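Here, each number is a calculation from the coordinates, and none is a lab measurement. Everything numeric in this text was worked out from a predicted model, so none of it was measured. Cβ placement follows ideal geometry from the backbone for every residue including glycine, while neighbour counts extend to all protein chains displayed.
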C-alpha cells in the first residue's frame with residue numbers, strides 16, 4: 001500500500017443549513033493552504049444527524065464552493081455512509097473500559113445540577129461552551145438499573161469516563177497548534193474541561209467527536225484548519241485519538257467571522273447565507289473582501 005506523504009487538508013460542513021461567510025473563510029483557508037503546500041484538499045459531508053441533514057443543503061454546499069472557485073478530490077466522504085466505522089470505534093472504547101451507558105434525559109441532568117447547586121450554594125461547573133458539566137449520575141448508577149430502563153424502552157447514550165480515559169492516555173497529552181506562520185505550540189489537554197462527554201448519542205449511535213477523529217485518520221488528514229469556536233473541543237478529540245490509537249493532525253484555529261453585534265455567525269440564528277449573497281449580486285471577490293481575505297492572485 002502506497003502512503004501519500006503530502007499534506008492533506010479538509011473542509012467538513014454539516015448539511016443542516018446553507019453555508020455562510022464563516023464557512024467560506026474556513027473552506028478558502030484550507031483550499032489555499034493545500035495549494036501552497038502542494039498537498040490535497042478534501043471535502044467531507046458530516047451528515048450523521050439524519051434528522052437535520054437535507055439533500056438540498058448538500059447540493060448547496062457543492063454549488064457554493066464551486067462558485068467560490070474551489071475544487072476537491074472525489075469521492076466525497078459522507079459520514080452517513082460509514083456508520084460501521086464509528087460503531088467499530090465505539091466498540092474499541094467499550095473494550096478499553098473508558099465509556100459507560102447513560103440513560104439520563106436532559107431534564108434528569110438539569111434537575112441533578114440544580115440539586116447540586118442548591119446543596120453547595122454555588123454554580124455548578126460549566127464546559128467551555130457554557131453548559132453545565134454532566135454530574136456523573138450514570139457512572140455510579142447500578143448497571144442492573146440501567147439495564148432495566150433500557151429494557152423498558154428508555155433510550156441510552158454512551159459517555160466517556162474522562163478520569164478513566166486520562167489514566168489510559170500515555171503521559172501528559174497535548175495537541176500541536178500552528179499559527180498563521182506555522183510556528184508550532186504544544187497545547188495541554190485537560191480531560192476534565194468537558195467532563196464525561198457523550199461519545200455515542202442515543203438517536204444516532206455515534207457523536208461528532210468520534211466521527212471526526214475516525215474520518216480524519218481514515219482519510220489521512222494531516223492539517224485541521226477550523227474556527228476558533230472548536231479550539232477547546234480539540235482536547236476531547238485528541239484524547240479520543242490517543243484511546244483509539246489514531247494519528248493526531250496539526251491544528252490551526254482561525255478567527256471567527258462575526259455579525260454586527262459581535263456574535264459568531266450561525267445557521268440556526270439566520271446568518272446571511274452565501275446563497276442569499278449570491279442572489280443579491282455578490283461576487284467571489286466580494287466574499288473574500290467581506291471575510292477579510294486579500295484578492296485571489298491571478299495566474
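With each run of n ≥ 4 DSSP H residues scored as -39500 (n - 2.57), what mean residue ellipticity at 222 nm is computed for the chain after dividing by its residue count and rounding to the nearest 500 deg cm²/dmol?
Mean residue ellipticity at 222 nm (helix-derived): -11000 deg cm²/dmol.
In nm, what is the difference between 0.36 nm times the number of residues separating residue 63 and residue 105 and their Cα-Cα distance?
Between residue 63 and residue 105, full extension yields an extra 11.2 nm.
Return the percentage of antiparallel bridges among DSSP beta bridges fully within the chain, rounded to the nearest 5 %.
Beta bridges within the chain, antiparallel portion: roughly 50 percent.
In what sequence, highest mean first, do 30-39, 109-118, 6-15, 224-233 appear when ranked by Cβ atoms within 10 angstrom?
Going from most to least packed, we get 6-15, 224-233, 30-39, 109-118.
Going by how many other Cβ atoms sit within 10 Å of their own, how do 196, 47, 85 line up, fewest first?
Going from sparsest to densest Cβ surroundings: 85, 47, 196.
For segment 171-239, what is the Kirkwood estimate of the hydrodynamic radius, computed as the reciprocal of the mean inverse distance between distinct Cα atoms, to one decimal in Å?
Computed over Cα pairs of segment 171-239, the Kirkwood hydrodynamic radius comes out at 13.4 Å.
Please state the relative contact order of segment 36-118 as a whole percent: Cα pairs under 8 Å, 6+ residues apart?
Computed value for segment 36-118: 35 percent relative contact order.
Rounded to the nearest 0.05, what FRET efficiency is calculated for residue 117 and residue 279 with R0 set to 41 Å and r the Cβ-Cβ distance?
0.30
Restricting to Cα atoms and excluding each atom paired with itself, what does the Kirkwood estimate give for segment 71-145 in Å?
15.8 Å
Quick one: the Cα spread of segment 6-138 along its three principal axes, in angstroms, biggest first?
Per principal axis, max minus min of the Cα coordinates gives 57, 35, 31 Å.
How do 266, 120, 273 line up, fewest other C-beta atoms within 10 Å first?
120, 266, 273
If one computes the Cα centroid of segment 192-244 and of segment 112-133, what distance in Å separates the two points?
Computed from Cα coordinates, the inter-centre distance equals 24 Å.
By per-residue mean of other Cβ atoms within 10 Å, what is the highest-first order of 184-193, 123-132?
In decreasing order of mean packing, 184-193, 123-132 become 184-193, 123-132.
In segment 126-221, how does Rg compare with the Kirkwood Rh, expressed as the Rg/Rh ratio over alpha carbon atoms?
In segment 126-221, Rg relative to Rh is 1.05.
Using a cut-off of under 13 Å, list every residue of segment 21-38 whose amide N is near the label point 7 Å from the Cα of residue 219 along the Cα-to-beta-carbon line.
27, 30-31
How long is the gain from residue 56 to residue 163 if the chain were fully straight, where each residue apart is worth 0.36 nm and the alpha carbon distance is subtracted?
So the extension gain works out to 34.3 nm.
So what's the angle, to the nearest 10 degrees on a 0 to 90 scale, between helix 106-120 and the longest Cα principal axis of the chain?
Result, in degrees: 70.
Over the chain, calculate the relative contact order: mean separation of alpha carbon pairs under 8 Å at least 6 apart, over the residue count, as a percent.
That works out to 23 percent.
Could you tell me how many degrees, from 0 to 90 and to the nearest 10, lie between the Cα long axis of helix 83-95 and the main elongation axis, the longest principal axis, of the Cα atoms of the chain?
Value to nearest ten degrees: 40.
Provide, in order from the shortest bin, the percent of all Cα-Cα pairs of segment 157-299 in each 5 Å bin, continuing until the bin that contains the maximum pair distance.
2, 8, 14, 17, 16, 14, 12, 8, 5, 2, 1, 0
So what's the angle, to the nearest 10 degrees on a 0 to 90 scale, between helix 55-67 and the longest Cα principal axis of the chain?
Value to nearest ten degrees: 40.
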